[in-house]
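Asks: Okay, here's the structure, questions in a sec.
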Amino acid sequence: MPKRLNAVVSWVLTFLVMVIIGLPGLWVILSGFRPNREILAKPAVWVPERLSLDNFAAIFGLGDTQVAIPVANYFANSLVIAVTSTVIAIAIGMSGGYAFARFRFRFKNGVFLGLMLSRTVPGIALSLPVFMVWSRIGLIDTQFGLILVYVALNIPFTIWLIDGFFRQIPKELSEAGQVDGCTRWQAFWRIEFPLARSGIASAAIFAFLTSWNEYALASNLTRSTDSKTLPVGLMDFTAQFTIDWAGMCAMAVIIIVPALALTFLVQKHLIAGLTFGGVKG
Amino acid sequence: MTEVRLANLTKAYGNMEVVHAIDLDIADNEFLVLVGPSGCGKSTTLRMIAGLEEITGGTIHIGDRVVNDLAPRERNVSMVFQNYALYPHMTVRENLGFGLKIAKVAEQDIGTRVTQAADILGIAELMERMPAELSGGQRQRVAMGRAIVRNPDVFLFDEPLSNLDAKLRVQMRTEIKKLHRRVENTVVYVTHDQVEAMTLADRIVIMRDGYIEQVGTPLEVFNEPANTFVGSFIGSPPMNQLDGIVRLADGDISLADGLSIPIPQRTRARLSEGQKVVVGIRPDDLAPRGHGIHDSEASAELELSVSISEPLGTETLLFTSIGGVEVQGKMLNPRMVAPDERMKFVLAVDRVHIFEAAGGRNVMIDN
Amino acid sequence: MKAKMDRRLGRWALRPQSIPFVLLLPAILVIVFVVLFPLIFSLYTSFTPYRLTRPESLWTFIGLRNYRRIFTDLDFWIAFGRTILFLAVVINLEFLFGLLIALLINRITWGQRVLRTVMMFPMMFSPILVGFQFKFIFNDNIGVLNNALQSLGLTDQAIAWLVDGWLAMGSIAFAEIWMSTSVFAILLLAGLFAMPREPIEAARVDGCNNWQVFRHITLPFIMPFAFIAMTIRSLDVARAYDIVDVMTGGGPAGRTELLWTLIARTGYDNARMGQANAMAYVSIILSIAFTYYFFTRLVAARRYMGGAA
């Protein structure tokens, strides 16, 4: 009997853990579909009377109620900045990761260490000097300014992951390709790249999420609808006199949904990447 | 007509030289095997021929071209790798046809040549499978198919059988030999397994520490090893090697434990009084009386005590020792041997090899 | 002249030894331009009284005065101490909870993959969202936590989760732990999956009980995975800034001020860039120290395992 009891305890504990992990997010998502007065109601309304997309319509300025916050602009900025910085970071990271995976060269460990150390600089600590430099060269409050910063932010981890994925591919495959008549360039694109593709895709998703979620730098390097991103925009709500909880929750949903969807896609690769990158060194 | 010629070929990583100015001529259609312990430079040499390693010094000719600065794809060679290096994202058919596709051969030609190669290797029914779905032996065949389909000037094999289990290895060995008969190309084959080298090669090149120790046909390197290293590396079980001192007056070489053997006739003129030598005795040439291969030849008798015997059926290996050095003998038509039994061994004296103690060179071989 | 340089550069780029450097050049350039160069600039400004409102102050050199000032500033030391304490508590709890969760899921035979996927979600949450989520939940008036406690009759008045100093710090720590425990759980679970059965069986044959097997076989095997998690985690310790910024803004009355929020306040709100940069350097060294510490532990654990992982 104690064995059965053991299993029951395990299940109950696991259920509790999953509730703690899952419930806060679900509550925010649920609230995004509820009207503000229901959220503010005292005593609390536990079972929603009506779920609607009104909050989403409102923050995008589509509904009857107007919200002063230009979420549509923020959304567009977030998308442009995250996608562009991801594409550039992956291109640079692929080239760098390949160099680490396939070549022996002088200062290899030093360069690797330097790149990784650049990632340890706290966002807020980096934001001060970048703010000073960017304001001198006119990159403050521009999409390009933020893209550049996010590329730099994503390069180290992208290189780490992609290095690991290329390392898993035996170098004999590229050599076989070269003996079979490929140039090194052809061998890369026809043999190594297709094999690393899913790994590179997950590195890309990871980079996208880093850019999509970033706050410390964005909040200090952006000012207006020209470049403000969703996480920065979220703070606009709190600055108002009364907090529009429903609007904030709706906006949170917009930030969460891509993160959840993409996480689901990459989870397997990401775990593999983190593990071998760390253990095999 | 494709000879391969290595002249003064040198490879260094930084200050570490791993292949030291080797010279080697490989004839058209020859099956040449590079053999040696790991780290002897054999794979590096092969990879330099393939163009996968940069050449530090010297030249490589393939046919009448110097290929030093040519990329692998420009050398018209093909290579079978130790781990096969099949492209995991392509079917067997695509793997076989990849080289031709890169070379922009017409679609139908690729089809016929791939089918032909598949027929030769008996993999026709595997064509639509992915490499992950193949057994070790099948992967091996596909790798060879990929090599022959391009009809290259030179085949390069880098330890192609070392990942197979023992039984399959013997089988594939025979197939490689048959394949060579059939396609008649120049082959350079690298292995660390001397049995593989002996069975496959037209000529064997024995390498150690980046130097060539000896080049010759399998029987030459077995019967006339150039030095103690080749002597011990070629042949199984390995050659026994014992220190000895030449005593011309007595006409013998004294070993440890008060034992001695007569000086082999053919070496007499090349030895001097008091010279320190290494006596090389193959287990085949040391057998209890009445149980040997070479009983009838000039012989000497040694009485030794057998510590361990290993019956193998047709023969039994006998372990004994001289001066604390383990010595193996071989007994044909075996009988039971008691532990620590003292037996009279017959030594085929004319088959004994005498090496110089300093440097290990066979005294029969001139510089 | 320029053409000649170009040609020389072209030839350099085509040499085989140069290929890895050519491949790495874009990465190095971006990092130098976006990270290294601004950091050198900020190191310089940390020796000036630079204020955003007075640009000419950039050219006054005051030596170590900023550093002397922050090292004698009690507020700085309180924030610094609170940050260290916060990290120590939070990372240890994350490891502990992560280990428990990993062991729990490892025992469960059904639905492991689904559970693992669910566990990954907090990792992907924007820290700002995590902060907002818990600001919403811990809100004393409309928060679901107080509503639940009141509905259940556990308390009749609203608990001021984010207003009381200690409760606010606890709430922030809870948010931080919620966000990062999965990193540990997932990596430790990967370690448990990778663990070979033979050592465990050998230990049982040698007479170990469950606890001894865990203590002497399992735990040493999965420790490198824990150190990977800590290394990854320490690369990004400063994201607690986002959480604090949205949940309390460092308040009430500076009671949840961490090193990073203090930097932002000094630099942006008070416009004292020179001094903020001096603090920022302290925080950078802190981050590097954390990462370095866990990385050396990782390397040591790996060596001790003899590369078994």
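Asks: In degrees from 0 to 90, rounded to the nearest 10, what is the angle of the helix A:71-102 Cα long axis to the longest principal axis of chain A?
Replies: Roughly 20 degrees between the two axes.
Asks: Next question, about the same structure. Could you tell me which of the pairs A:Lys171/B:Lys11; B:Lys11/B:Lys42; A:Lys171/B:Lys42; B:Lys11/B:Lys178; B:Lys178/B:Lys330; A:Lys42/C:Lys135 are separated by over 22 angstrom between their Cα atoms in the structure shown?
Replies: B:Lys11/B:Lys178; B:Lys178/B:Lys330
Asks: Full extension from B:Thr112 to B:Arg335: what is 0.36 nm times the residue separation minus their Cα-Cα distance, to one decimal in nm?
Replies: Once the chain is fully extended between B:Thr112 and B:Arg335, it gains 74.4 nm.
Asks: At a 10 angstrom cut-off on C-beta neighbours, averaged per residue, how do the peptides A:120-131, C:19-30, B:170-181 rank from highest to lowest?
Replies: Listed from highest to lowest mean packing, they are A:120-131, C:19-30, B:170-181.
Asks: Under 17 Å from the Cα of B:Lys167, which aspartates and glutamates turn up, not counting those fewer than eight places away in the same chain?
Replies: B:Glu159, B:Glu175, B:Asp193, B:Glu196
Asks: Further, regarding this structure: Please work out how much length the chain gains when fully extended from B:Ser305 to B:Asp202, using 0.36 nm per residue of separation minus the C-alpha to C-alpha distance, in nm with one decimal.
Replies: Extending this stretch completely gives an extra 33.0 nm.
Asks: May I pose another question? What shape does chain C have by the C-alpha gyration tensor, where a ≥ b ≥ c are the square roots of the eigenvalues, rounded means a/c under 1.5, and otherwise prolate means a/b greater than b/c and oblate the rest?
Replies: The shape class here is oblate.
Asks: Here's another thing I want to ask about it. Please say if region B:36-157 is rounded, prolate or oblate, where rounded means a/c under 1.5 for a ≥ b ≥ c the square roots of the C-alpha gyration tensor eigenvalues, and otherwise the choice is prolate for a/b larger than b/c and oblate otherwise?
Replies: In terms of gyration-tensor shape, oblate.
Asks: What's the center-to-center distance, using Cα atoms, between region B:300-358 and region A:11-61 in Å?
Replies: After rounding, the separation between the Cα centres reads 88 Å.
Asks: So, by mean Cβ neighbours within 10 angstrom, what's the order for B:325-331, B:66-72 with the highest one leading?
Replies: Top of the packing list down: B:325-331, B:66-72.
Asks: Rounded to the nearest 5, what % of the DSSP beta bridges within the protein assembly as shown are antiparallel ones?
Replies: Antiparallel: roughly 75 percent of the beta bridges in the protein assembly as shown.
Asks: Run the Debye formula on the Cα coordinates of the protein assembly as shown, all scatterers equal and no solvent, and tell me log10 I(q)/I(0) at q = 0.06, 0.10 1/Å.
Replies: Taken in order of the listed q values, log10 I(q)/I(0) reads -0.63, -1.19.
Asks: Sorted by mean Cβ packing within 10 Å, highest first, what order do the peptides A:24-34, B:150-160 take?
Replies: In decreasing order of mean packing, A:24-34, B:150-160 become B:150-160, A:24-34.
Asks: Taking a ≥ b ≥ c as the square roots of the Cα gyration tensor eigenvalues, with a/c under 1.5 meaning rounded and otherwise prolate when a/b beats b/c, else oblate, which class fits chain A?
Replies: Oblate, because a/c is 1.5 or more while a/b does not exceed b/c.
Asks: Hey, with R₀ at 60 Å, roughly what FRET efficiency would A:Leu53 and B:Glu94 work out to, going by the Cβ-Cβ distance, to 0.05?
Replies: With R0 = 60 Å, the Cβ-Cβ based efficiency is 0.75.
Asks: Which of the aspartates and glutamates could a cross-linker span from A:Lys108 if the Cα-Cα distance has to be under 14 Å and same-chain partners fewer than 8 positions apart are dropped?
Replies: A:Asp163
Asks: Taking the alpha-carbon centroid of each part, what is the distance from region C:87-164 to region C:28-70 in angstrom?
Replies: Here the two parts' Cα centres lie 40 Å apart.
Asks: Per DSSP H run of at least 4 residues, take -39500 (n - 2.57); add these up for the protein assembly as shown, divide by its residues and hand me the 222 nm value, nearest 500 deg cm²/dmol.
Replies: Result for the protein assembly as shown: -17500 deg cm²/dmol, rounded to the nearest 500.
Asks: With the crude spin-label approximation of a point 7 Å out along Cα→Cβ, what separation in nm comes out for C:Arg65 versus C:Trp77?
Replies: Between C:Arg65 and C:Trp77, the label points sit 2.2 nm apart.
Asks: Give me the distance in nm between label points sitting 7 Å out from Cα along the Cα-to-Cβ direction at C:Gln17 and C:His216, one decimal.
Replies: Rounded to a tenth, the inter-label distance reads 5.3 nm.
Asks: Can you give the FRET efficiency for B:Ile365 and C:Cys208, using 1/(1 + (r/R0)^6), R0 = 51 Å, r = Cβ-Cβ distance, to the nearest 0.05?
Replies: Once the sixth-power term is evaluated, E becomes 0.25.
All of the numbers you see were taken from the coordinates with simple rules; none came from a lab. Computed from a prediction, not measured in an experiment: that's the story for all the values here. Heads up, the Cβs are rebuilt from the backbone with ideal geometry, glycines too, and the neighbour counts pull from every protein chain shown.
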